[in-house]
Amino acid sequence: MFKEATPEERRIYYREEWKPGDVPDFLAESIGYREFGFDHDGRGPRDRYNAFTSVEELEKFLRNRAPYSAYSSVSYYEKPGKREGYKKAELVFDIDAKDLPSFLKKCCKQGTICEKCLETAKQYILSLKDIFQGDFGVKKIYYIYSGRGFHMRILDPDVMEFTEVERAYILDYLSGSQALKGSAKVNRWLAPRGYTRIFKDRLLGILEDASVKDIQMIEGIGRTTAKEIIGNRDKIIGDITEWKNLEWSPDPKTGVVRTARFKALLSILKENKYDKFTDFVLKQNAGILDAKVTVDTKRILRLPSSLHSKVSLKCMLIPDIETFNPLSDAMPKFVSERKG
């Protein structure tokens, strides 16, 4: 499992398993506006500034070259082969299981993946799904298995017009920042609501899985306080789950409520340690979301339908994120046919 593909296995994949129909429609329909990049030896996508006018032209390249990795841009260009004439870009979020924060990644070493951390990454994508579909009403969302994690790609027309600054605002919101700010384009997304849902989900995830030793990792929290938190875990989690027993604090300048503290946790930590605890949660969230991918409109992402040769799994459009299992749904045939 997760063994690197040999050059021969790559050739088998692109000549016998890869199909033009595996390229998602949203990519096939815009292929003439996208830059493509390729990694031919496992050292990164050094072969960039490629352009194709059709999926058939891309097919010929992939079958002939069987690259180690293949990528396409999230941006649309008038001249993609020169990366000139920028038009717009998808809003993208990258959750990579190999790079999950150490607090969450207790299953395997940093830089590696296993079934458990892939499931953790998937659950985070599901949290994003709830926010973008439920809270923001976004319609055109595509979920991609990237080989070692998940990409969420949003193609709603107004979202694709966001500047890099506006993308950073959205990223701050999703990491759980309570100091919300925005612009005319993103204000409808950033309504004052105290904690964001994803902050709540991550706070719950930390409390549900944490040991006394884990809690002691947070600055300023010693063993006695950590034991008290664990001893009152059920009450604290109940407050957070049901959004109850909140102490609200309005902004002294605007009067807008932007800060809320859960009383059961606050009574143990007091204000100073409480803020250090929530700062820790914010850092965990920020560590999960790869800011560079979301903010950088020149980013290229793994091409859905291509092979992630490092782990011998397919990068693919996910038909149903709720039921998707990468260890069965993204497994190439050549992997099951390996000897030994």
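For region 201-224, how many residues are over 17 Å from the mean Cα position of the chain (by Cα) and either among the hydrophobic types (A, V, I, L, M, F, W, C) or assigned to a helix (DSSP H, G or I) (or both)? Break it down stepwise before answering.
Of region 201-224, the ones over 17 Å from the mean Cα position of the chain (by Cα) are 203-204, 206-224.
Then drop every residue that is not either among the hydrophobic types (A, V, I, L, M, F, W, C) or assigned to a helix (DSSP H, G or I) (or both), which leaves 203-204, 206-210, 212-215, 217-218, 221, 223-224.
Of the residues in that region, 16 qualify.
What pairs come out if I take residues in region 292-319 that are under 19 Å from TYR169 (Cβ atoms) and pair them with residues that are of a type in the set (Phe, Trp, Tyr) whose C-beta lies under 8 Å away, six or more apart or interchain?
If the second residue must be of a type in the set (Phe, Trp, Tyr), the pairs left are VAL293/PHE93; THR294/PHE93; THR297/TYR86.
Spot the failing condition for GLN123; the list is (1) closer than 13 Å to PHE324 by Cβ; (2) crowded, with 22+ Cβ neighbours inside 10 Å, and only one is missed.
The failed condition is (2).
Being more than 18 Å from ALA210 (Cβ to Cβ) and at pLDDT 80 or above: is that true of ILE237 here?
For ILE237, the condition - more than 18 Å from ALA210 (Cβ to Cβ) and at pLDDT 80 or above - is not met.
Inside region 85-105, can you point out the residues that are without any contact (Cβ under 8 Å) to a residue 60 or more places away in the chain, surrounded by fewer than 22 Cβ atoms within 10 Å (Cβ to Cβ) and assigned to a helix (DSSP H, G or I)?
Answer for region 85-105, where residues must be without any contact (Cβ under 8 Å) to a residue 60 or more places away in the chain, surrounded by fewer than 22 Cβ atoms within 10 Å (Cβ to Cβ) and assigned to a helix (DSSP H, G or I): just LYS98.
Name the helices (runs of 4 or more DSSP H) wholly inside region 112-178 in which the number of residues that are among the basic types (Lys, Arg) is 3 or more.
On the way: elements: 115-129, 157-160, 164-175.
It comes to 115-129.
The rows are residues; the columns are (1) over 21 Å from GLU208 (Cα atoms); (2) modelled with pLDDT of 90 or more.
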{"residue": "LEU104", "(1), (2)": "no, no"}
{"residue": "SER127", "(1), (2)": "no, no"}
{"residue": "PHE132", "(1), (2)": "yes, no"}
{"residue": "ASP135", "(1), (2)": "yes, no"}
{"residue": "ILE141", "(1), (2)": "yes, yes"}
{"residue": "ILE144", "(1), (2)": "yes, yes"}
{"residue": "MET160", "(1), (2)": "yes, yes"}
{"residue": "ALA168", "(1), (2)": "yes, no"}
{"residue": "LEU171", "(1), (2)": "yes, no"}
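Name, by its number, the condition in (1) among the aliphatic types (A, V, I, L, M); (2) out of contact with any helix residue (DSSP H, G or I) (no Cβ under 8 Å at 6 or more places or on another chain); (3) modelled with pLDDT of 85 or more that does not hold for LEU269.
All conditions pass for LEU269, except number (2).
The values are calculated or read from the model by the stated rules, or taken from the named source; none is laboratory data. Given the structure is predicted, the values throughout are model-derived calculations rather than measurements. Reconstructed Cβ throughout: ideal geometry from the backbone, glycine too, with neighbour counts over all protein chains shown.
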